Every structure is written in structure tokens, then in C-alpha cells.
Amino acid sequence: MAIGRNEGERLIRCLRSLVGRAAAVVYVDSGSVDGSVEAARALGANVVLLDTTVPFTAARARNAGFRKLMAEHPDLEYVQFVDGDCEVVPTWLETAQKTLGSRPEVAVACGRRRERFPERSVYNRLCDLEWDTPVGEALWCGGDALMRIAPFLQVGGYRDSLIAGEEPELCSRLRAAGWKIVRIDAEMVVHDAAMTRFGQWWRRAVRAGHAYAEVSHLRGAGPDRMWVRESRSNWLWGLLFPVAVLATVPFFPAAGLLLIAGYSLLCYRAYRGRRRQGTDPRFSRLYAVYCVLAKFPMVLGQVRYFRNRLLRRPQTLIEYKTATAQGSGPPRVAYLVNQYPHVSHSFIRREIRAAEEQGLDVFRVSIRRPGVALVDAGDQEEERRTRVLLERGVTGLAVAFARTAVTRPIALFRASRLAWQFGRRSGRLLRSGVYLAEACLLVRWLREAGVVHLHAHFGTNPTDVAALAHALGGPPFSFTVHGPEEFDRPDAISLGDKIAPAAFVVAVSSFGRSQLYRWCRAADWPKLQVVRCGVDAAFLGAGPLPPVAEPRLVCVGRLAEQKGQLVLLDAAARLAARGVDFQLVLAGDGPMRPQIDAAIAAQGLGSRVRVTGWLSNDAVRAEIAAARLFVLPSFAEGLPVVLMEALALGRPAITTYVAGIPELVRDGVNGWLVPAGDPVALADVIASALQIEPARLEEMGRAGATAVAAAHDARREAAKLVALFAEATGRVVPAPKSEPHTAEGA
């Protein structure tokens, strides 16, 4: 019998672990809006919809499910209660039934509960430590246990009104009736707390304090003095001791040392207790510190209970969980880019749209708006769908930072240390502080949007923000490294320190991955994956085109130092001096536009060279199609998408053997490779290529299109990335929306 609300994929795992192993499965839902009810019915569970006009309690849900179970299966002897965020271990039901069958005095059997992802947050780790309790006869059980039905009915089941602590209160009544509760040495369930924020942990501790107060009030007078000692400890250490000491400090300043001594002693006792259980020293220290810290929210929970009781207010649920985003629907992944959309980032747009075709739900975030006008309709549409961090201004970032300082101080301290480390290595401490503020705002956006994973493009400042957001309690993150910027100063951008906490890291070429190997631990090498940039279906579907007769060359790219356009102009001047007939189109714009224009004028190339400025995707495609050869004389690259587009259209490429380019361009097969920065060699190859017969050019064009189709299909590469997201999040991605290639609306 499972209960839940908005548990999503966690519920699906829970029910799958029960269906086929239990005589009947009942799921009680308390108002889910994420598709949990439909998913439960699809798995064959008998669904009970709890009346949401009555205040919800887990106790009421369990009783409702139990009544439904008994109405349809009155001859059952045992019932397994389980929370919807738990997955029952395959061997548990049989093991627990044997225990109850061989020990008629036992009413309840429970086993070991383990966290699914203890490494994902300190709070998940604390839950995992909390579940680790000794085996043998126990005072109480948690929400997952196999119960004998007769004693459960004998004591009247759960107490409907309890908002927390319903299982210990039930166990107290069972023991008072002469029954026993045992914790056996067997794995029982895998729990998914999904607790990533300090605020969640704090509210859970408030809820625990409320449970201590209410259960001790109800059962404290019995022979077992249920939770009386724990409640008194909370009052003492969470309120009375600090108030008493602080009240004496104005008169006896040294009394403040009592606070340090008292809490240090309490922390040491908790530490020794965990060590005696065999817990690792590091985790024992963690557990001890949080045990002491928990006294404060727990006493708030106790105050809350008695205040409501005194004022005769109803005790209302204290929520701390975060629902799984979109439940059983498509997982929501956020993309973070420094400037998105951007005329030079059309490959990111293609990746996002192809991933959405694969069933992913993508939440788009840009750090800043693009600094250039967007001429492509597809980019304009993406701009409308993208949230921009810096548009909130200084005030918005300051408010986000202050809110984080209040609600998640420990996480902020941890993230601040990471920001300091990033800033110290880059020599930009102030800028790193801004990234931290951006991360504070981003975490709130991601939480509100139900994002389960964050992916950044480029290993520079977007990944700084992503890593800091993760340190603040945000979702797991990954990032794509393109080059060459990331490889120019890998130590200064803390590349290895970003790889370490990432779920995975993508390189766009094998060369790129080889460079990442150099800057991270060998233990992190399995995280490094190659997912190549994909080409628009409009390019794949259009080529290879037959060669054109006109001796036109086209170079597409930002007008920037690394692209080598000045070398190309030098080569063009040499060709003109030789009397070679050609026309050159420089498609693009950028910071070197003034120098490019000046070089064209100085070398008398005005009649041969045309600079287009920024173009739409359609216009770029038209310029490539109208050219005989594509030229890209870069000094440094990752693996340029425009090179793939040119080859896909059947245009042989003249380019340089740098970075990942030789993985695509094979000298003499689908293009030519020349040394970077050598205008003489470049001019020689261009002159020779312009003389090649059309049939040979067409053959090379087909070879290029085949190479691109094999390695750079946008949908196929997106499928690889979606699979990595699914593995990182534990979420099932629905089937693709469509099978055939469809061109973007650009």
C-alpha cells in the first residue's frame, strides 16, 4: 500500500517494485497534478483519490488505502506500507513474511532503508545516516514496514489527525497491547529524498520537532515514555540553555564560553555514538554537527505544536519535499549560455530543438542578451523563449543573494569558497562574485521551473555559474566544451575543478576530449563524452549540390583574430597578383570588421572581395551554395559547424589542420588541409583547387556530405545527449515526437 503526491518518477519506481510481487497494490493519491494517478493506473495499481477538501495527513492516507485493500482482499494476513518515494528491494517481502511467519509475537517487521543518491547533497547523506539504525527489537518503525493485519486492526490503525510521527505513535500502541516491533538484518527499500537545500532540511527538522511534541504528549504517560526524553532535549538545547547563557553574558562575559563548551560536548556525544555504530569518521562528524544544529528547528516545531493547541488551531502539514519535475512527463533540463540566442550559436539552437524532438523539455537561460541584432527568424523566436539573468539588474541579483544568505547560509558559504577559488585563479575576484549572485538567482528560477538538470555551453563563465548553482543546492549540472578558448587558459578557468563535480562533460570532438584528459583527474575520465555538433536538416537534405562554374570562394565566420581572415586576404592579394580569376565572399561580422575593410582597401581587393555582415541561416546556406569552394583559414578552433554545413552542401573545404578539423576534413578526399598562418601555402592550394575538373569536385563534394551525414546528424547527436541527461537524472525520456528530419523555421 503506497501513498504519495507529485512523486513522479519516484512513484513509478515504487510501484514497479511492488507490482507482480504483492497480491494487490493500492496507491493513495492526495491531489497530484503531475500525472502520478495516470501512471499508477497504467501500472495496474488500484488508485484511491483522497478527499482534498479535508486536511491531508499521511496517517489518513494510509488508513484509506488499508480500508480499500481490506474491502477487496479481506483474507490478507500482511500489508506492506511504503512511501511513494521508496523502491522496495526485490527480496524484502519474502524475507519479512518469513520473519512474521516464524515469530507470531511480532506485529511489525522493518529492515534497512538506504538513500538512492546520498552523494548528491549533504542532506541526502544525513538521511542515509539517519536510516542506519541497529537491528533487533525496536521501539518503532518508519513509513516502510510489513505489518500483521490483525494487531493493526486491534489498535485501530493509524491516528488520522497526526501530521507527523504517525508510525512511532502506532508502534507505541502496538507495544502497549503486547506486540513487538523488529528491525531485521535485510535491505528493505531504497529512498529518494531529493533533498538538496538547507531550507528543505530545516523544515524537515521543524516537522520532526512537531512530531516529538505531539507524540510525547499523546504517549508520554505510558510505560515507554514515548519521546519524552527527546522532547526535553530539544527544549533544553534548542531554547533554554542558549537563552539562559546569553542572559548572563552582559554580567559575566566569560559565560559565553559555556555555549561553545556545551554544544561541543553535545556534538562529541553524537559523534561517539555514530563511531560506535561503525560509521566513517567524516560522516560521523557531519551527522554530529547537524544533530546539534537540528535542536533549533526542532524546538520551533515543538513551539508550533503547543501554540496551535493552545489557540485551538488545526495542526497543518509541514511540507519539505520538492516534487519531481513534471512527474512522469518529460524531464525538464535547463540550458545556460553566456549569450543566447546569438548569430554564431545557431548550433546550440539546433541542439535544443533536436533534443525537444527527442522528448526533452528545455528551459532556456542566458546570462546576457546578444550584443548584435538577430536577423534570423529562428533566433528571434528563441529570444522570446529565453530568460536573461542580467536583465534583473543589480537590485535583482542583490535580492537573490540576500535571500540565499538567509535561507541557505551553509550552501552559500560552500559556494562562496568555490567562487573565491574560481576568482583567485582567473584573477577576477569581483567578476566571480557577480557569478555567485547570478547563481543565487538562477537556482531560484530552476526550482520554480521544476528543472532537474542544468547544462551549460562553453567551459568559461556559464559553467562557473552552473557549478556555483550546483554548490548552492541546485540540480546536477553538465557542460559542453567547444574550444579553443577553454584550452587557451584551462588552469585559469579552473577547468579541472569544474569537471570534478559535474555529472558529465561533453567535448565536440575527440581532440577536445583529449585536451580535457590533460586537465582533470584520471578518475573523472569516464565523465568525458564526445557529442558532436549537429547540422541543420536543411543542409543535410539539400546536398550535395553540383559544383558551380564561377570561381567564387566563401568564408563564413566571425571577423575575429582566430578565424584568420587577414591571412586569407593576404593569400587573395597573392592570387590577384598572379592573375588568378576569383571572387571572395566574407560572410559574417565581428570585432575585426574595421581591420578587414582597411586590408581590402589597402590591397586593392575591393572589386574581388565582398563582406556581407551578419546573415540568417538561409542566407548563409545560399552563399555557400553559390560558391565553388569553401575556405576557413583558422588559427584555432573547436570543430566549426560552418565547415560541416559547407561539406554537407557538397562544397570541398580548404582549411587548416588545427584542433578537431582533421577529424572531418580529409586532405585530398573532401578538402585540403594547409598550415595555419601561411598565406603562400593557402594561395597555392586555392589556385590549384580552382583548376580541378567539375567531376572531381563533385566526387569530393559527395565524400564531404557523406562524412557529415555519418558524424554530424543533429537528431542522432541530440539522442546521445538526451541519453546522458536521462542517465544523470534517473528520469525516463518519452519517445521522440517525430521521426523524420524537419527543417527549423529559419
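Counting pairs on different chains as well as pairs 8 or more places apart, how many Lys pairs in the chain have Cα atoms under 28 Å apart?
10
Can you pull the three principal axis extents for the Cα set of the range 2-310, in Å, largest first?
70, 42, 41
Residue separation times 0.36 nm, minus the C-alpha to C-alpha distance between Phe635 and Glu119: what's the value?
Stretched out fully, the Phe635 to Glu119 stretch lengthens by 181.6 nm.
Give me the distance in nm between label points sitting 7 Å out from Cα along the Cα-to-Cβ direction at Leu76 and Glu448, one decimal.
4.3 nm
Would you work out the relative contact order for the chain, in percent, from Cα pairs under 8 angstrom that are 6 or more residues apart?
With pairs under 8 Å counted, the relative contact order is 11 percent.
Would you list Cys533, Cys110 from fewest to most Cβ contacts within 10 Å?
Final ranking by Cβ density, sparse to dense: Cys533, Cys110.
So what is the relative contact order of the range 332-530, in percent, for Cα pairs below 8 Å that sit 6 or more residues apart?
Contact order relative to length: 19 percent.
List Phe635, Phe413, Phe422 from most exposed to least, where exposure is judged by having the fewest other Cβ atoms within 10 Å.
Ascending number of Cβ neighbours within 10 Å: Phe413, Phe635, Phe422.
Jot down the radius of gyration and Dmax of the range 1-160, Cα atoms only, both in angstrom.
Reported Rg and Dmax, both Å: 15.6, 44.
Taking Cα centroids, how far is the range 619-645 from the range 354-390 in Å?
The range 619-645 and the range 354-390 have Cα centres separated by 24 Å.
Mind listing P(r) for the chain? All alpha-carbon pairs, 10 Å bins, whole percents.
Here the calculated profile for the chain is 3, 12, 20, 20, 16, 12, 8, 6, 3, 1, 0.
Roughly what percent of Cα-Cα pairs across the range 223-300 reach past 19 Å?
Of the Cα pairs, 46 percent sit more than 19 Å apart.
Report the paramagnetic label zone for Val249: residues of the range 373-412 whose backbone N is under 16 Å from a point 7 Å from Cα along the Cα-to-Cβ axis.
none
For the range 332-530, what ratio Rg/Rh do Cα atoms give with a Kirkwood hydrodynamic radius?
On the way: Rg = 16.1 Å, Rh = 17.0 Å.
Over the Cα atoms of the range 332-530, Rg/Rh equals 0.95.
Work out how far the C-alpha atoms of the range 543-711 reach from end to end along every principal axis, then list the three figures in whole Å, largest first.
Principal axes ranked by extent give 42, 31, 30 Å for the Cα atoms.
Do you know the relative contact order of the range 2-310, to the nearest whole percent, from alpha carbon pairs under 8 angstrom that are 6+ apart?
17 percent
Answer with one residue from Ala373, Gly427, Ile348: the one whose Cα lies farthest towards the positive end of the charge dipole of the range 332-530, charges on Cβ with Lys, Arg +1 and Asp, Glu -1.
Gly427
Report Rg/Rh for the range 652-732, rounded to two decimals, where Rg is the Cα radius of gyration and Rh the Kirkwood radius. Can you show the working numbers first?
Working: Rg = 17.6 Å, Rh = 14.8 Å.
Rounded to two decimals, Rg/Rh equals 1.19.
What's the extension gain from Leu430 to Glu693 if we count 0.36 nm per residue and subtract their Cα-Cα distance?
Extra length available between Leu430 and Glu693 comes to 88.8 nm.
Which of the cysteines found in the chain have nothing to pair with, since no other Cys Cβ lies under 4.7 Å from theirs?
Cysteines lacking a close Cβ partner in the chain: Cys14, Cys86, Cys127, Cys171, Cys267, Cys291, Cys440, Cys520, Cys533, Cys555.
Are there trypsin sites (Lys or Arg not before Pro) in the range 253-324 that DSSP marks as loop and that have at most 15 other Cβ atoms within 10 Å, and which are they?
Here the trypsin sites (Lys or Arg not before Pro) that fit, given the DSSP loop and packing criteria, are Arg312.
Give me the extension gain from Arg521 to Ala549: residue separation times 0.36 nm, minus the current Cα-Cα distance, reported in nm with one decimal.
Stretched out fully, the Arg521 to Ala549 stretch lengthens by 4.8 nm.
Gln154 versus Ala500, label points 7 Å from Cα toward the beta carbon: distance in nm?
For Gln154 paired with Ala500, the spin-label model returns 5.7 nm.
Where a number appears in this text, it was derived from the coordinates with a stated rule and is not lab data. From a predicted model like this one, the values you see are computed outputs, not experimental measurements. Cβ sites come from the backbone with ideal geometry, for glycine too, and all protein chains shown count toward neighbours.
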